[in-house]
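Structure first, then comments.
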Amino acid sequence: MNEQESQAAALDIYLERESHVLPESGCGVLIYRAVPGDYLLRLGKTRDVHGIQTDKPMADELSRLGYLQDEPPANRVRLAIVFATKHREEVLYHLALAADHLEEGGILIVTAANTLGAPSLERRTAELMGGVESFCKHKCRVFQAVKRSDRMNLELLQAWKQAGELRRIEATGYYSRPGLFSWKGIDLGSRLLAESLPADLHGCGADLGAGYGYLSRMALEQSSGIRVLHLFEAERKALDAARRNLAEFESRCELHFHWADVMAGLGVSGLDFVLMNPPFHVGRGALPALGRSFVQAALKALKPGGRLFMVANRHLPYEGEIQALSAIVESEVQDSGFKLIVARLP
């Protein structure tokens, strides 16, 4: 099991053992970074479950199951659940939001894999709520706390909420927030690719795995001939940031922001160019097939003569994938553990 599956399984066992924490039918349940799992069946359809998830593939699965909501419910809830991720500042942000949305006497539950720093997160939760009760299973910790306003650290709650919001990062000049890839500093690979982009990009292009829009902005600043640019990104929070970071270009370029899973295809074709720094991890696990799927999607969307500009870790074998799709690797440069590849469709 991966970390998300382990956390969901541990939570399911906990809810079975501690069924008294489940609210009555009709009560609200709020889940941050909700994932599919049997625990959802235990919550049942008779409760008003609001699963908040901004990762597109996971959100699609929750939507299919009938548990996805764009926003928390208007009223306070009896039970709030937080799934930990590898982004500590984001987890603390969700903890603060969840605690704030609980009614007095409501229960906060956190499920965290040990590899995600569960012991430390348990201490921080206790610091916020005034104490926790803990349970261990599947190399995870599940801990719960009851909301008592007189015991809560309200100063800490406000600090965590503020730290997780979208804001302009002084070090980069870009709008970003915790939970996004390289959220407070420009990724070295992306910087190397941006510095190598030509100034003659034109027509219609795409940025796959666009993040908060760094590569797109650099391309638009350097090439005035870009008329249409599609940004594809699986993390909705990143697209919100990208809209802010590219707002000044809307007057001269048609911008399209796609909350989408690139592995499912782009739905656009005839592109003059594609930019990308493809991911090759899901959570903390390496998944090279993810990067290969980006290469496939990019080349299938290019028109004849269209160019692919990408950066990747030096050891990842994308050249074979490019050649298998009849594209030509025009150049490859290695620098600082990365390789910059330019490929063209014949």
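State all residues of segment 164-193 that are polar (S, T, N, Q) and part of a loop (DSSP other than H, G, I, E, B); if no residue qualifies, say none. Walk me through how you get there before you give the answer.
Going residue by residue through segment 164-193, those that are polar (S, T, N, Q) are 172, 176, 182, 190.
Within segment 164-193, Thr172, Ser182 meet the criteria.
For Val91, state whether it is touching a residue at least 24 places away in the same chain (Cβ under 8 Å), crowded, with 19+ Cβ neighbours inside 10 Å and assigned to a helix (DSSP H, G or I). Can you show your working first?
Details: touching a residue at least 24 places away in the same chain (Cβ under 8 Å): yes; crowded, with 19+ Cβ neighbours inside 10 Å: yes; assigned to a helix (DSSP H, G or I): yes.
Considered against the rule, which asks whether it is touching a residue at least 24 places away in the same chain (Cβ under 8 Å), crowded, with 19+ Cβ neighbours inside 10 Å and assigned to a helix (DSSP H, G or I), Val91 comes out as yes.
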- Query: Any residue in segment 296-319 that is surrounded by 14 or more Cβ atoms within 10 Å (Cβ to Cβ), part of a helix (DSSP H, G or I) and without any contact (Cβ under 8 Å) to a residue 24 or more places away in the chain?
  - Reply: yes
- Task: Restricting attention to segment 291-329, report how many residues are modelled with pLDDT under 90 and among the charged types (D, E, K, R).
- Result: 4
- Note on the structure: The condition from (1) within 26 Å of the chain's Cα centre (by Cα); (2) surrounded by fewer than 19 Cβ atoms within 10 Å (Cβ to Cβ); (3) more than 16 Å from Lys56 (Cβ to Cβ) that Met263 misses is numbered (3)
- Hey, any hits in segment 187-205 for a residue that's touching a residue at least 40 places away in the same chain (Cβ under 8 Å), charged (D, E, K, R) and closer than 19 Å to Ala242 by Cα? yes
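Within segment 32-57, restricting attention to residues that are hydrophobic (A, V, I, L, M, F, W, C) and free of Cβ contacts under 8 Å to residues at least 24 places away in the same chain, which residue is farthest from Val110 (Cα to Cα)?
Residue satisfying both the conditions and the ranking: Leu41.
Can you spot a residue in segment 274-293 that is free of Cβ contacts under 8 Å to residues at least 24 places away in the same chain, assigned to a loop (DSSP other than H, G, I, E, B), surrounded by fewer than 20 Cβ atoms within 10 Å (Cβ to Cβ) and in contact with a strand residue (DSSP E or B) (Cβ under 7 Å, 6 or more places away or on another chain)? Walk me through how you get there before you give the answer.
The first filter runs over segment 274-293 and keeps only residues free of Cβ contacts under 8 Å to residues at least 24 places away in the same chain, leaving 281, 286-287, 289.
Filter once more, so that each one left must be assigned to a loop (DSSP other than H, G, I, E, B): 287.
Now narrow it down to the ones that are surrounded by fewer than 20 Cβ atoms within 10 Å (Cβ to Cβ): 287.
Then drop every residue that is not in contact with a strand residue (DSSP E or B) (Cβ under 7 Å, 6 or more places away or on another chain), which leaves 287.
The answer is yes, given that some residue of segment 274-293 is free of Cβ contacts under 8 Å to residues at least 24 places away in the same chain, assigned to a loop (DSSP other than H, G, I, E, B), surrounded by fewer than 20 Cβ atoms within 10 Å (Cβ to Cβ) and in contact with a strand residue (DSSP E or B) (Cβ under 7 Å, 6 or more places away or on another chain).
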- Counting only residues that are among the hydrophobic types (A, V, I, L, M, F, W, C) and in contact (Cβ under 8 Å) with a residue 24 or more places away in the chain, which one in segment 320-342 is surrounded by the fewest Cβ atoms within 10 Å (Cβ to Cβ)? Val333
- Query: Considering Ala242, Ala238, Ala234, which residue is surrounded by 22 or more Cβ atoms within 10 Å (Cβ to Cβ) and in contact with a Lys or Arg (Cβ under 6 Å, 6 or more places away or on another chain)?
  - Reply: Ala234
- Message: Take Glu104 and tell me if it is assigned to a loop (DSSP other than H, G, I, E, B) and surrounded by fewer than 21 Cβ atoms within 10 Å (Cβ to Cβ).
- Response: no
- When segment 16-39 is examined, which residues are found to be modelled with pLDDT under 95 and among the hydrophobic types (A, V, I, L, M, F, W, C)? Val21, Leu22, Cys27
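Being among the hydrophobic types (A, V, I, L, M, F, W, C) and surrounded by 15 or more Cβ atoms within 10 Å (Cβ to Cβ) is the filter here, so list the residues in segment 245-260 that pass it. Spell out how you get there, then give the answer.
Keep residues of segment 245-260 that are among the hydrophobic types (A, V, I, L, M, F, W, C), which gives 246-247, 249, 253, 255, 257, 259-260.
Answer for segment 245-260, where residues must be among the hydrophobic types (A, V, I, L, M, F, W, C) and surrounded by 15 or more Cβ atoms within 10 Å (Cβ to Cβ): Leu246, Phe249, Cys253, Leu255, Phe257, Trp259, Ala260.
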- Query: All but one of (1) assigned to a helix (DSSP H, G or I); (2) touching a residue at least 12 places away in the same chain (Cβ under 8 Å); (3) within 29 Å of Arg314 (Cα to Cα) hold for Asp240; which doesn't?
  - Reply: (3)
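From the list Arg124, Arg151, Arg141, which one is assigned by TED's automatic domain parsing to the domain that holds Leu92, of a type outside the set (S, T, N, Q) and loosely packed, with under 14 Cβ neighbours inside 10 Å?
On the way: Arg124 fails: loosely packed, with under 14 Cβ neighbours inside 10 Å; Arg141 fails: loosely packed, with under 14 Cβ neighbours inside 10 Å.
One residue alone meets the criteria, Arg151.
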- Would you point out the residue of segment 40-63, among those that are at pLDDT below 95 and of a type in the set (Lys, Arg), that is farthest from Leu92 (Cα to Cα)? Lys45
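The values are calculated or read from the model by the stated rules, or taken from the named source; none is laboratory data. Computed from a predicted structure; not experimentally measured. FYI the Cβ positions are ideal-geometry reconstructions off the backbone, even for glycines, and counts take in every protein chain you see.
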